[in-house]
Amino acid sequence: MREVLSIALAKVCKTRIMYGANLSFLQLEKYLSALIGSGLLAHDGDSGYLVTGSGMEFLELYDDYLERSARLGAEVERNKKDRLQLENMCFNNNCKTKDSGVGSGDLK
């Protein structure tokens, strides 16, 4: 969907969308129908397709979503590495918690 909308930022024909988004004709028809039905894409009747204001908003929100997801993914990976390092430090030093008597590798 995003790819189709990105291609249609300037008025384009169906063929250009199909090749640009690497879609079969049947896939293209489904995407165009869904995008037009949701008001994200407009068809001018002459075979031209163009992103609507709602479609532009969708693209902006999608880009923001991708950026936040990438940042969160990186943060999760850092947390995993930190946890492993803490567990390894605890294991290598035979660390035990005083309250529970839990052994190495269990950080609680």
For a label point 7 Å from the Cα of Ser54 along Cα→C-beta, name the residues of segment 9-44 whose backbone N is under 20 Å from it. 9-12, 29-44
Considering only protein heavy atoms and a 1.4 Å probe, what is the carbon-and-sulfur percentage of the accessible area of the chain? 54
Given the whole protein assembly as supplied and a 1.4 Å probe, what does the accessible area of Met89 come to in Å², nearest 10? 100
Using a 1.4 angstrom probe, figure out how much accessible area segment 1-54 has per residue, in square angstrom, rounded to the nearest whole. 59
If ligands, DNA and RNA are left out, what is the accessible area of Asp82 with a 1.4 Å probe, given in Å² to the nearest 10? 80
Net length gained if the chain between Arg16 and Tyr65 were fully extended (0.36 nm per residue, minus Cα distance): 15.0 nm
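The values are calculated or read from the model by the stated rules, or taken from the named source; none is laboratory data. Just so we're clear, the structure is a prediction, and the values are computed from it rather than from any experiment. Don't worry about glycine lacking a Cβ; one is built from the backbone with ideal geometry, like all the others, and counts go over all protein chains shown. Please note that ligands, DNA and RNA were not included when accessible areas were found on the heavy atoms of the full protein model with its side chains. Shrake-Rupley method; radii C 1.70, N 1.55, O 1.52, S 1.80 Å.
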